[in-house]
Amino acid sequence: MIISTCLFIFIIGAMLGSFFNVCIHRLPRGEGLMFPGSHCPYCNNPIKPWENIPILGYIFLKGRCSHCKEKISGRYIAVEALTGILYLGLFLRFGLTVDFFYFLFFTSVLVVITFIDFEHFLILDKITYPSMVIGLIACLIKRNLIDGVLGLLVGAGIIYLIVVVSAIVLKMINHPCKDEGGMGLGDVKLAGVMGVFLGWKFVLVALFMACLFGSIVGMILILSGLKKRTDYIPFGPYLAMGSLVVVLWGERILGWYVGLLGI
Ligand SMILES: [Zn+2]
């Protein structure tokens, strides 16, 4: 019973992941989500229904368009599989509860934002603002609106402060990197969304985890020569990673931390 439910949740996740791929491709280009139907970005050949089956379609096609044989981005199968796995993780953590659906929405927003930020170094207002509004309405329904509003202020406030301070510091030391470091206003708005969904306490943990992941991965990328010190590395994916860790294990992390401080 539980295994078939898990499989069902994974398939739903992969199917929605397929839709998120459409969002990731079209939203930054200002295209509509419904029309035209799915087509190859190179030859415009319409994609057949069986080719659109999440994960399997990509495997059957061996990652190439059936018409022009042009390579299909590995991002398609990655987003489908990742969304399936994340939905499954949320189900195992929360069961079929209100929190499950609440964090399902939040996680979906994070997936779309992360992969757009990877490709375009952009966090779109047309995703962050509606997500904030939907999150605040959900907080109102869950009767913790104050925590959501405080989270919004704390999350966005901290990243805004970092953006302002790093801009001043970069100007003072006349840094060769002209794009003003790693964070921008998109990250501020994303941190606001995180605050709404996580509340003020857990958004602090999420921001801490994001900085931790960011420094570790950044260091590995620079030491391995994959990136230069002046290369732009988007911060949105780390914010998303920090959020997901907090959604899945936040209480344990906070408990451990409070214990460590001996409070
Ligand atoms: Zn094609």
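What follows draws every value from the coordinates through simple rules; no lab data is involved. Please read these numbers as outputs of a predicted model, since none were measured by experiment. So basically every Cβ, Gly included, is an ideal-geometry build from the backbone, and we count neighbours across all protein chains shown.
Laid out as a table, the results:
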{"read-out": "HN-Hα J in Hz across segment 87-104 - Karplus 6.51, -1.76, 1.60, θ = phi - 60°, x for Gly and Pro", "value": "4, 4, x, 5, 5, 5, 7, 10, x, 7, 10, 4, 4, 4, 6, 4, 7, 4"}
{"read-out": "Nonlocal amide H pairs with ARG64, under 5 Å, H built at 1.01 Å", "value": "ILE72"}
{"read-out": "Kirkwood hydrodynamic radius (C-alpha pairs) into Stokes-Einstein, segment 1-57, 10 °C and 1.306 mPa s, D in µm²/s", "value": "124 µm²/s"}
{"read-out": "Cα-based radius of gyration of segment 3-158 once divided by 2.2 N^0.38 Å, which approximates compact folds", "value": "1.16"}
{"read-out": "Whichever lysines have a C-alpha closer than 16 Å to that of LYS48, once near sequence neighbours (fewer than 8 apart) are set aside", "value": "LYS62, LYS69"}
{"read-out": "Cross-link partners of LYS201 among lysines (Cα-Cα below 27 Å; sequence separation of 8 or more within a chain)", "value": "LYS126, LYS142, LYS189"}
{"read-out": "Global form of segment 69-206, assessed from the alpha-carbon gyration tensor, a/c cut-off 1.5", "value": "oblate"}
{"read-out": "Reach of LYS227 by Cα under 19 Å, taken over lysines that are not fewer than 8 positions away in the same chain", "value": "LYS178"}
{"read-out": "Prolate/oblate/rounded call for the chain, Cα gyration tensor, a/c under 1.5 rounded", "value": "oblate"}
{"read-out": "Environment charge at ILE77 (Cβ cut-off 13 Å; Lys +1, Arg +1, Asp -1, Glu -1)", "value": "+2"}
{"read-out": "³J(HN,Hα) computed for each position of segment 144-158 - Karplus, 6.51 cos²θ - 1.76 cosθ + 1.60, integer Hz, glycine/proline x", "value": "9, 4, 4, 5, x, 5, 4, x, 4, 5, 5, x, 5, x, 5"}
{"read-out": "Relative contact order for segment 1-85, counting Cα pairs under 8 Å that sit 6 or more residues apart, in percent", "value": "43 percent"}
{"read-out": "5 angstrom amide H check on HIS39, placed H, neighbours 5+ away", "value": "ILE47"}
{"read-out": "Length-normalised contact order of segment 97-263 in % [C-alpha pairs under 8 Å, at least 6 apart]", "value": "28 percent"}
{"read-out": "Cα centroid of segment 185-263 to Cα centroid of segment 1-63, whole Å", "value": "28 Å"}
{"read-out": "Gained length - ASP125 relative to LEU226, 0.36 nm times residue gap less alpha-carbon distance", "value": "33.4 nm"}
{"read-out": "Whole-Hz couplings from phi, Karplus 6.51/-1.76/1.60, listed for segment 38-51; x for Gly and Pro", "value": "4, 8, 5, x, 8, 10, 6, 5, x, 8, 5, x, 5, 6"}
{"read-out": "LEU122 long-range amide H proximity, modeled H, under 5 Å", "value": "ASP117"}
{"read-out": "Calculated FRET efficiency for the pair ASP99/PHE60, C-beta based, R₀ 41 Å, to 0.05", "value": "0.65"}
